[in-house]
Every structure is written in structure tokens, then in C-alpha cells.
Amino acid sequence: MYFNAWYELDRDRDVGEAGLKRIARRDVVEYAYDCEFDLEQTDNLLVFVRGMDNAYLEYIRARTPKPPKPGGGGGGKRRGR
């Protein structure tokens with residue numbers, strides 16, 4: 001149930017200039033409301049979605065190549081021999 005919620009919420013995730021953003025708390029609470037979760041289920045959903053989302057974002061960041069630093073290599077002058 002919680003994985004399905006994370007999967008649904010992941011599809012509507014915001015993407016910013018720096019890449020993927022965390023799933024917003026308000027989106028999780030709205031999902032819980034739409035599914036008629038009680039308070040305990042909503043709290044559990046928040047915990048599980050946040051945990052799954054953090055793990056997913058770490059995984060994506062680890063696999064994403066970092067852009068080269070500006071002015072940092074390749075185009076500078078070489079010293080002669």
C-alpha cells in the first residue's frame with residue numbers, strides 16, 4: 001500500500017533546476033485524505049514515503065554525473081617542454 005502511494009506520488013514530483021525535488025508533504029497528506037486514511041495511517045504514510053523518497057533521491061544522485069566545474073580543465077594553456 002505505501003509503496004503504491006510512493007509510486008503514484010513520484011509520478012507527480014516536481015523537477016527543479018537542480019534535479020528532482022522531494023515529494024511534498026502536502027501531496028502525501030492529500031493522497032491520504034483521498035484514500036480516506038485515518039490519522040495513524042497518514043502518519044505511517046508520511047514516514048514510509050519520506051524514507052523511500054530519501055533512498056530514491058540518494059540513488060539517483062549517486063548515478064547522475066556531476067557537471068564539470070567552470071574554468072576547471074581542458075582548455076587551458078600547457079607549459080612547454
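The values are calculated or read from the model by the stated rules, or taken from the named source; none is laboratory data. Please read these numbers as outputs of a predicted model, since none were measured by experiment. Reconstructed Cβ throughout: ideal geometry from the backbone, glycine too, with neighbour counts over all protein chains shown.
Numerical summary
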| item | result |
| --- | --- |
| Within the stretch 1-32, considering residues that are under 19 Å from E58 (Cβ atoms) and among the β-branched types (V, I, T), the one modelled with the highest pLDDT | V28 |
| In the stretch 1-31, residue surrounded by the most Cβ atoms within 10 Å (Cβ to Cβ) [restricted to those that are among the small types (G, A, S) and outside any helix (DSSP H, G or I)] | A24 |
| Tally of residues being within 24 Å of T64 (Cβ to Cβ), in contact (Cβ under 8 Å) with a residue 40 or more places away in the chain and among the aromatic types (F, W, Y) across the stretch 1-40 | 2 |
